[in-house]
Amino acid sequence: MSIDERTLRVGVIGDIYVDLLCKVDELPVWGEDRLASATLLSPGGSTANTARFLGSLGGVAVRLFSAVGDDAFGAYFREQLEAEACAAIDGSVAVLTGVPTSVCVVLSGPSDRGFVSCNSTNGALEPGMFSREALLAQQHVHIGGYFNMPQMHTPVLCELARTLRAAGVTLSLDSQFDTSGAWDGRGTLAELLREVDVFMPNDKEAQGVCRTATPDDALEALCAPGRMRPGALALVKCGARGVIAGRAGSAERWHVDSPPAAPGGAAG
């Protein structure tokens, strides 16, 4: 089944990386070296991975909206996505002249992981780069990697969200970690949260956005009147604990445990 023949149309806007995964037992200190047991190059980024996963389900026509640079990493990313045929990129993944493709070095240890990221192309993403006609043709639009895209922290994105919702398009938002520590999207996140149908941060991200000490308190803050649109779903991913969720403006709450799984490393 080709992408065009699938029935549910989903647009995915946001950050993409080329991931360089290094499996290490310990981190180096300045001036020293450590050996990696293996390295792997892969398309990555929360948004690209979401698009690739959704497209692999079957019956979902996914279009990715983002950008790469005009370099070898950008060519690699496009070649990999085209070979996978899970998400359409023609005309919606821009190639930025003179901007290096965003790269993330993933340090995967025995029990956890760390990241070193270059947000070059992600940092250049703006709402005006994407075709409104193409976005309005979707049934659902997911915005991922929000805090990795500072130029998206603008009232223009909020206005785009309102336009999509008015046309019957449902919306979801995944935040990622805010390395600036501000957690407010230059003052525009609060407005954007009132436009989305689903907000799905992890526990640390939810606590940062809501300025709380626990993910449970963050969930209550997200579901409090005025924080999100009434009836919207707040979903907080809590790692091994599973997922906690609630319906904004109501007392509905849920907790779903993580399923048992064999250890597979900490690559993310």
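Quick note: the coordinates plus some simple rules give every number you see, no bench work behind them. A quick note: this is a predicted structure, and the numbers were derived from the prediction, not measured. In this analysis, Cβ positions are derived from the backbone assuming ideal geometry, glycine residues included, and neighbour counts consider all displayed protein chains.
Things worth noting here:
- Share, in percent, of DSSP beta bridges within the chain that are antiparallel, nearest 5: 40
- When the Gaussian network model of the chain links Cα atoms closer than 10 Å, the mean-square fluctuations of G14, G55, G181 top out at G181.
- The chain: calculated mean residue ellipticity at 222 nm from DSSP helix runs of at least 4, using -39500 (n - 2.57): -7000 deg cm²/dmol
- The chain: most fluctuating residue of H255, H142, H153 per GNM, C-alpha cutoff 10 Å: H255
- Most mobile of A248, A167, A221 in a GNM of the chain (Cα contacts under 10 Å): A167
- Per-residue extension of 0.36 nm, minus the Cα-Cα distance of T179 and R253, leaves a gain of 23.7 nm for this segment.
- Note: relative contact order over the chain, using C-alpha pairs below 8 Å and six or more positions apart, is 16 percent.
- Protection proxy ranking, highest mean first, for peptides 188-194, 212-218, 61-67: 61-67, 188-194, 212-218, where packing is the per-residue count of other beta-carbon atoms within 10 Å, averaged.
- Zone residues, the range 124-160, relative to T97, backbone N less than 18 Å from point 7 Å out along Cα-to-Cβ: 124-125, 129
- For the range 3-196, the spread of Cα positions along the three principal axes, ordered from largest to smallest, is 56, 39, 35 Å.
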